[in-house]
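One structure is given here, and the rest of the page talks about it.
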Amino acid sequence: MPDNSNSNHPRRRRGNVVQFPETGRARRRILRKSEDPRLRLAAVFASVSGWLFTLALVLFLITNYRLLLPDSLYRLFSYLATGLQITSSDAATIEYASGSMLDAELFGGGLAYVDSDTLYISKPNGLNQLALQLSYSNPAIEVSDSLILAFDQGGRTASLSNALTSLCEVKTESPILSASIGENGGFVLVTDESGYKTAVAVYNNNGAQVFKWYSAEYYILAAALSPDGNYLAVLGFQQAGVELKSELLFWRIGKEEAEARFELGSSLGYDVEFMNSSTAAVMTDHGAYLVTRKGVLLGQLELSPSDLIGYIFSDRGILVASNAYQGAARAQLRLLSTNGTLSEEPLYISSEIQHISADGSMLGVLTTDGLHVYSLSLWDEIWSNRTVTGARGLRMDSSGTAYVLYGSDCRIFQR
């Protein structure tokens, strides 16, 4: 027998070894021609899914191209890098970037605030996540869970931003009197319209106007969008001589006439906010009211204008602070709940109230003798800090953390 151990002929492959296709295209072709219908279906599904993902990615990049601008990318990576370096001492204070603040609200785990010409978002670790030039004469802000509305009170400009960049800017023909933002990203501007008493306009989150009402009868004080963005509550008054008549009007966006009205008599309205998709809370100098979208009164808290100290809208309803005439108490707090019921007992405060703030079930009261934090569920104080004095404002979050606003910084206090 000849010795073939050193033969140059290639060896035969074993008959039970299948050669695996070298390219993805070849593998997909085999799957599409498979005798098993399940494999053919899986191959088609995988191919369609890949094309749909590619299309979605392209549309996302087109829609959110601002996120890829150098400034946005720099802020994003700076935020991620600095976030890994947080220390407990850093988390106690938010320094204002320019050393001053005109208006501020909690936003995204930090503080959104404006000074004379810039909107900032700052974190407790010292990072300024956003710095957006505004050049407003009298800036103010309103926030939702994911968006910030900055507007120039008495001016003609408003802008909508997220945590990283500006989304749109709106120029109005008349001075802006007040503004509010809805949970769906839409926003409302009340303007001092030439040729009319006032006007109210609704914009979507792209800055496009979707509704406007010019009022020849009412001086509009405030307006609010329902959570779904489909309804508008307008608080205004008419004046005939010395007689004042206030009303709350409900509009369905896109309709030419108001669907419902609720008369507030001679009260002077302060503010309005939707508690849910069907109920709005109104604060006036004569008390608080809960009114359904159909113009039906659910509940009210009446008081004398001289007794009113302050108020705050919350997830639980509207909280009203007023003078107290009970023992050593200087003030009292009552809650008009979203179902129209009034708290049976007030919370009595023994010192002068300076600021109040609420979020979720937490209520913060800043007084002349310190900070007091209450649970709206327990209707009782849960912690206090008597070293907190001389502040310009207070913002509470739902965890019970207090953000106390001072002239040059925001100091954070926890239980």
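The values are calculated or read from the model by the stated rules, or taken from the named source; none is laboratory data. The shown structure was predicted, so the numbers you read here are calculated from the model rather than taken from an experiment. With ideal geometry, Cβ positions are generated from the backbone for all residues, glycine too; neighbour counts draw on all protein chains shown. To get the accessible areas, we keep the full protein, side chains included, count just its heavy atoms, and leave off ligands, DNA and RNA. Shrake-Rupley method; radii C 1.70, N 1.55, O 1.52, S 1.80 Å.
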Next item on the list: Check off (1) closer than 19 Å to Leu225 by Cα; (2) open to solvent by 60 Å² or more (accessible area, probe 1.4 Å) for Glu344 and give me the number that stays unchecked.
Entry: (1)
Check: Of (1) in a strand (DSSP E or B); (2) under 15 Å from Ser180 (Cα atoms); (3) small (Gly, Ala, Ser), Gly229 satisfies all except one. Which?
Finding: (1)
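Against the definition (over 24 Å from Leu297 (Cα atoms) and touching a Phe, Trp or Tyr at 6+ places or on another chain (Cβ under 6 Å)), how does Ile253 come out, yes or no? Please lay out each step first, then the result.
Details: over 24 Å from Leu297 (Cα atoms): no; touching a Phe, Trp or Tyr at 6+ places or on another chain (Cβ under 6 Å): yes.
In short, no.
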Next item on the list: Hey, can you tell me all the residues within the range 96-127 that are open to solvent by 20 Å² or more (accessible area, probe 1.4 Å) and of a type in the set (Gly, Ala, Ser)?
Entry: Ala97, Ser98, Gly99, Ser100, Gly108, Gly109, Ser116, Gly126
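Looking only at residues in the range 292-335 that are among the aromatic types (Phe, Trp, Tyr) and touching a residue at least 40 places away in the same chain (Cβ under 8 Å), which one is surrounded by the fewest Cβ atoms within 10 Å (Cβ to Cβ)? Write out each step before concluding.
Taking the range 292-335 as the starting set, the residues that turn out to be among the aromatic types (Phe, Trp, Tyr) are 311, 313, 325.
Going one step further and asking which of them are touching a residue at least 40 places away in the same chain (Cβ under 8 Å), we end up with 311, 313.
Numbers: Tyr311: 21, Phe313: 18.
Checking each candidate, the answer is Phe313.
Being at pLDDT 95 or above and either exposed (fewer than 13 other Cβ atoms within 10 Å of the Cβ) or in contact with a Lys or Arg (Cβ under 7 Å, 6 or more places away or on another chain) (or both) narrows it down to one residue among Glu217, Glu256, Glu247; which is it?
On the way: Glu217 fails: at pLDDT 95 or above; Glu256 fails: at pLDDT 95 or above.
Going through Glu217, Glu256, Glu247 in turn, just one is at pLDDT 95 or above and either exposed (fewer than 13 other Cβ atoms within 10 Å of the Cβ) or in contact with a Lys or Arg (Cβ under 7 Å, 6 or more places away or on another chain) (or both): Glu247.
Open to solvent by 10 Å² or more (accessible area, probe 1.4 Å) and either of a type in the set (A, V, I, L, M) or closer than 21 Å to Ile176 by Cα (or both): is that true of Met275 in this structure? I'd like the intermediate steps shown before the answer.
On the way: open to solvent by 10 Å² or more (accessible area, probe 1.4 Å): yes; either of a type in the set (A, V, I, L, M) or closer than 21 Å to Ile176 by Cα (or both): yes.
Judged against the criteria, Met275 is a match.
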Item checked: the range 136-192, residues that are within 21 Å of Phe313 (Cα to Cα) and of a type in the set (S, T, N, Q) -> Ser144, Ser146, Ser178, Ser180, Asn184
Notebook entry, point to check: For the range 128-153, how many residues are acidic (Asp, Glu) and open to solvent by 40 Å² or more (accessible area, probe 1.4 Å)?
Noted result: 2
